[in-house]
Amino acid sequence: MPAEQLVQFSVKDCALLTIATGRRAYTLGELRAGIAGAERDSIYFHFWGGLLQPRFEEREFNNDFAAWMRHGLHDSRLAEKLAVIDPREYTSLDLLRSEVVELIDERLDEAEYLHFSRAVQPFEFMRAQIVVFGTDKSVACPEELAALIPQLPASSIFYHFIDARRRVPEAGDDFSAWLVNFGMPGERVRARLAQIDPYFIPLSVLRQQLADAFADQLENGHVVG
Amino acid sequence: MLLDDYAQVAGEDAIEHLRQLARPLAGKRFVHVNSTRVGGGVAEILRKLIPLARELGIDAQWEVITGDTEFYECTKAMHNALQGNPLHIPERLLRVYEETNRANAEQLRDVLAAADVVFIHDPQPAPLAEYIGKRSGRWVWRCHIDASHPHRPVWKYLRRYVAAHDASVFSLASFAQALPHTEYIIPPSIDPLSDKNIALSEASIRETAIRFDIDPTRPVVAQVSRFDRFKDPVGVIAAYRLAKDYVPHLQLVLAGGSATDDPEGEVVLAETRAAAGDDTDIHVLALAPDAHRTINALQRLADVVIQKSTREGFGLTVTEAMWKGKPVIGGDVGGIRLQVIDHHTGFRVSSPEGTSLRLRYLLHQPRKIQTMGWKAREFVRENFLVTRQLREYLTLCVGMLHGAAERIELG
């Protein structure tokens, strides 16, 4: 199909607003109960929301549960186990939740003192409200998208590459979902995008990696649809 | 255009974001209500949020409630009680609080009842939501205070008024209380173009030093804060004295403005002066509420800034100091935790001893002061400028006007 007949890629942007759920955990048991009963968007927030939150330099841990285990309850062992969970490997937030609960149960079985340890600073269960809005930017082919990506705000990258995982789980991200329309060259870019690990890097670095992936794979700036 | 000026500091992206978020809010009327037009972080930030929102096409207004000395005595006690001070507020003062709000509700009824979104700042005007009667818009209670461990009897009294709102906003998740509506988390921010934060010439900083008899060639540490027990100015003097044995030329500046809604300030100022005694290297400066350029110069004059609070809402003076490239030694409380990152942007401390230790560490390593100061400024640029706060208020308004759905898709 000629590229010009394909649907355009409309760039969107988003703003995230943090909401306190009012639930707090001071002990590992309370954390477990909180995770087991948390709404799905709260689980999502604690794995992905940090990318749009104030933070300093790079994240030490890739999810809030691991960070609290290390700095709140000072249990490095469980912190490390929680930190290697890659949320992209789980097809649903409920499966992701189960894995976290399972690891906590395992640790509670092996370290009895963790039933009694109490953190000074509690874990605060949060969730987020996301407002998505259109922009006046759209592109018709991957070359145009390649040229546009370096100029996109971090929040737009978040929407299309991170938030998309909830909306188009089978494709992984909005760029990949759209690139399906562009034959082999599109496939090559998709394969490169699938290799990007967005988890530890700031969104500005993620944007650069996306731009590099497009530039590397679109030889001479030409894609034949 | 004001927005163009901000684009230069915060970046074009940030401003474009604001324009897009403001589009669905064009023509809507937002009213902010607080209890003072001068002094304190709330008045300062409203002075910039309002014109910025207007430039984005939003009909933003700012109303101030008025009361007598007893009203402010009561609200100051409430403020302290919300921060954990176990104060008993006499029934007589609570009646003054209610009557004052009833009278203000009468005066503001037309404006508030017709607004699309009303932001009520802090406890002073909280009862308006109940007293205003029929209202058409959404009401949001904005708490700027560290209410993580409120004195329960006072919170129990206030809760009824707060619960009458459609949502509330806290600066940190740990400040949020059990309430029957959505509780948003929005850290406050500073205005980089205000008199308090704008770049100053070396000459004007030197002139300020001379005016207050401060020697700019010797090390200076400063705490800029209201004279309030929770800011622990006496503890800062104790820390200075401990450090002075190791840094003999050290000078301390304790500078504070006063606000019309803070009757306790005079008492704490007298205590601070008494603690300073006759040490000519301690400069206790009670400044006019509008002495913004002076405060700006004093923060820039300092090698290291202290904010040794024992309770803190967010600590905008910390943000201001960081924006000026100063490492901050701050109390390990409230919003200071979000800003002061140990060994990166400063140090968090819990005692005068800890403060003096970190002072000695920094004052003996000028290069550390420089690198930590640079990091501090960039951290503020990314996270704590007024453009970020306005973006979150706009997001909240869009959310409020579209119901509290988890995901709101516009256009």
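Give segment B:96-131 a look and list any residue that's within 27 Å of residue B:24 (Cα to Cα) and surrounded by fewer than 20 Cβ atoms within 10 Å (Cβ to Cβ), or say none. If the condition is that a residue be within 27 Å of residue B:24 (Cα to Cα) and surrounded by fewer than 20 Cβ atoms within 10 Å (Cβ to Cβ), then B:109, B:110, B:111, B:113, B:114, B:116 are the ones that fit.
Pick from B:375, B:368: which is of a type in the set (D, E, K, R), away from chain A (no Cβ under 13 Å) and not in a loop (DSSP other than H, G, I, E, B)?
Values: B:375 fails: away from chain A (no Cβ under 13 Å).
The match here is B:368.
Suppose we keep only residues that are without any contact (Cβ under 8 Å) to a residue 60 or more places away in the chain, more than 26 Å from the chain's Cα centre (by Cα) and surrounded by fewer than 17 Cβ atoms within 10 Å (Cβ to Cβ) within segment B:17-43. Which one would you say is farthest from the other protein chains (Cβ to nearest Cβ)? Residue satisfying both the conditions and the ranking: B:27.
Taking (1) over 30 Å from residue B:293 (Cβ atoms); (2) part of a helix (DSSP H, G or I); (3) of a type in the set (A, V, I, L, M); (4) touching a strand residue (DSSP E or B) at 6+ places or on another chain (Cβ under 7 Å) in turn, residue B:53 satisfies each apart from (1).
For segment B:287-317, a tally of residues being over 18 Å from residue B:239 (Cα atoms) and either modelled with pLDDT of 95 or more or of a type in the set (Asp, Glu) (or both) returns 11. Within segment B:83-103, the set of residues being touching a residue at least 40 places away in the same chain (Cβ under 8 Å) and part of a helix (DSSP H, G or I) comprises B:94 only.
Of the candidates A:119, A:154, A:140, the single residue that is exposed (fewer than 15 other Cβ atoms within 10 Å of the Cβ), of a type in the set (A, V, I, L, M, F, W, C) and either at negative phi or within 14 Å of another protein chain (Cβ to nearest Cβ) (or both) is A:140. For segment B:173-190, taking the residues that are among the aliphatic types (A, V, I, L, M) and within 21 Å of the chain's Cα centre (by Cα), the one that is farthest from the other protein chains (Cβ to nearest Cβ) is identified as B:190. Just one of the numbered conditions (1) assigned to a loop (DSSP other than H, G, I, E, B); (2) of a type in the set (A, V, I, L, M); (3) surrounded by fewer than 21 Cβ atoms within 10 Å (Cβ to Cβ) is not true of residue B:210: (1).
Listed residues B:357, B:362, B:396, B:410; which is away from every other protein chain (no Cβ under 12 Å) and touching a strand residue (DSSP E or B) at 6+ places or on another chain (Cβ under 6 Å)? Give the steps one after another, and end with the answer.
Details: B:357 fails: touching a strand residue (DSSP E or B) at 6+ places or on another chain (Cβ under 6 Å); B:396 fails: away from every other protein chain (no Cβ under 12 Å); B:410 fails: away from every other protein chain (no Cβ under 12 Å).
Residue meeting the stated conditions: B:362.
Within segment B:374-391, the presence of a residue that is over 24 Å from the mean Cα position of the chain (by Cα), basic (Lys, Arg) and within 28 Å of residue B:232 (Cβ to Cβ) is excluded. Considering A:6, A:16, the condition of being within 14 Å of chain B (Cβ to nearest Cβ), at pLDDT below 90 and at negative phi is satisfied by A:16 alone.
When B:52, B:56 are checked against the criterion of being more than 30 Å from residue B:149 (Cα to Cα) and either under 23 Å from the mean Cα position of the chain (by Cα) or crowded, with 22+ Cβ neighbours inside 10 Å (or both), B:52 stands alone in meeting it. On the stretch given as segment B:378-393, residues that are over 13 Å from residue B:53 (Cα atoms) and either facing chain A (nearest Cβ under 9 Å) or not aliphatic (A, V, I, L, M) (or both) total 6. Scan segment B:259-275 and give yes if some residue there is aliphatic (A, V, I, L, M) and modelled with pLDDT of 95 or more, otherwise no. Yes, that holds for at least one residue. Contact map, segment B:158-172: first residue away from chain A (no Cβ under 14 Å) and more than 15 Å from residue A:22 (Cα to Cα), second residue of a type in the set (Val, Ile, Thr) and buried (at least 21 other Cβ atoms within 10 Å of the Cβ), Cβ cut-off under 8 Å, separation 6 or more or different chains; pairs are B:165/B:120; B:165/B:140.
Residues in segment B:59-82 that are surrounded by fewer than 21 Cβ atoms within 10 Å (Cβ to Cβ), without any contact (Cβ under 8 Å) to a residue 40 or more places away in the chain and touching a helix residue (DSSP H, G or I) at 6+ places or on another chain (Cβ under 6 Å): B:62, B:70.
The values are calculated or read from the model by the stated rules, or taken from the named source; none is laboratory data. Remember, predicted model here, so these are calculated numbers, not experimental data. Ideal geometry is used to build each Cβ from the backbone, glycine not excepted, and the neighbour counts take in all protein chains shown.
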